[in-house]
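Provided herewith is a single structure, encoded as structure tokens, for subsequent inquiry.
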Amino acid sequence: QVQFVESGGGLVQPGGSLRLSCVASGGIFFLYVMAWYRQAPGKQRELVADITQSGNTNYADSVKGRFTISRDNAKKTVYLQMNSLKPDDTAVYYCNIFGSSGNWGQGTQVTVSS
């Protein structure tokens, strides 16, 4: 069974940047469409970005132009580069197989505040 470990979150000022990483163990990583999700306090988990096996990407409108998803299949890792961060980006960020309802990791907290 595939498992994910997210890292790279933290406290950052508005306008700042962070790079999140998610390492997979188990499973056949290069076959998966991978995604980053986030859940803010009191809100439902939402899809932030996804990336296909070949590297095609899609983004939520709220992060388009600011976030970049990428992957390294050899390292079984998916990344999320986040620039021009806003307070509304504050959330716990998770990675997972796109569309999966299970295998959630512990997530990594991102807090954008001055």
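Condition first: over 22 Å from Ser101 (Cα atoms), in contact with a helix residue (DSSP H, G or I) (Cβ under 9 Å, 6 or more places away or on another chain), touching a residue at least 12 places away in the same chain (Cβ under 8 Å) and loosely packed, with under 15 Cβ neighbours inside 10 Å. Can you find one or more residues in the stretch 5-14 that meet it?
Checked the stretch 5-14: at least one residue is over 22 Å from Ser101 (Cα atoms), in contact with a helix residue (DSSP H, G or I) (Cβ under 9 Å, 6 or more places away or on another chain), touching a residue at least 12 places away in the same chain (Cβ under 8 Å) and loosely packed, with under 15 Cβ neighbours inside 10 Å.
Okay, moving on. Consider the stretch 52-61. How many of its residues are open to solvent by 60 Å² or more (accessible area, probe 1.4 Å) and among the hydroxyl-bearing types (Ser, Thr, Tyr)? It would help to see each step written out before you state the result.
Let us first name the residues in the stretch 52-61 that are open to solvent by 60 Å² or more (accessible area, probe 1.4 Å), namely 53-54, 56, 58, 61.
Keeping just the survivors that are among the hydroxyl-bearing types (Ser, Thr, Tyr) gives 54.
Total satisfying the criteria: 1.
Going by the structure shown, is Asp88 touching a residue at least 24 places away in the same chain (Cβ under 8 Å), of a type in the set (Asp, Glu) and either more than 21 Å from Gln3 (Cβ to Cβ) or touching a His at 6+ places or on another chain (Cβ under 6 Å) (or both)? Walk me through it before giving the result.
Working: touching a residue at least 24 places away in the same chain (Cβ under 8 Å): yes; of a type in the set (Asp, Glu): yes; either more than 21 Å from Gln3 (Cβ to Cβ) or touching a His at 6+ places or on another chain (Cβ under 6 Å) (or both): yes.
Yes; evaluated as a whole, the condition is true for this residue.
Let me ask another. Of everything in the stretch 79-95 that's touching a Phe, Trp or Tyr at 6+ places or on another chain (Cβ under 7 Å) and more than 13 Å from Ser17 (Cα to Cα), which residue is most open to solvent (accessible area, probe 1.4 Å)?
Going through the qualifying residues, I end up with Tyr94.
To keep it simple, each residue is scored yes or no on (1) small (Gly, Ala, Ser); (2) open to solvent by 70 Å² or more (accessible area, probe 1.4 Å).
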position	(1), (2)
Ser17	yes, no
Ala24	yes, no
Asp50	no, no
Gln106	no, yes
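Per-residue answers, yes or no, for (1) of a type in the set (A, V, I, L, M, F, W, C); (2) surrounded by 15 or more Cβ atoms within 10 Å (Cβ to Cβ); (3) touching a Lys or Arg at 6+ places or on another chain (Cβ under 9 Å):
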residue	(1), (2), (3)
Ala40	yes, no, no
Leu47	yes, yes, yes
Ala74	yes, no, no
Ile97	yes, yes, no
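The values are calculated or read from the model by the stated rules, or taken from the named source; none is laboratory data. Treat the numbers as computed from the prediction; the structure is a model and nothing was measured. All Cβ positions, even for glycine, are placed from backbone atoms using ideal geometry, and neighbour counts span all protein chains on display. Calculation scope for accessible area: heavy atoms of the full protein, side chains included, ligands and nucleic acids excluded. Shrake-Rupley method; radii C 1.70, N 1.55, O 1.52, S 1.80 Å.
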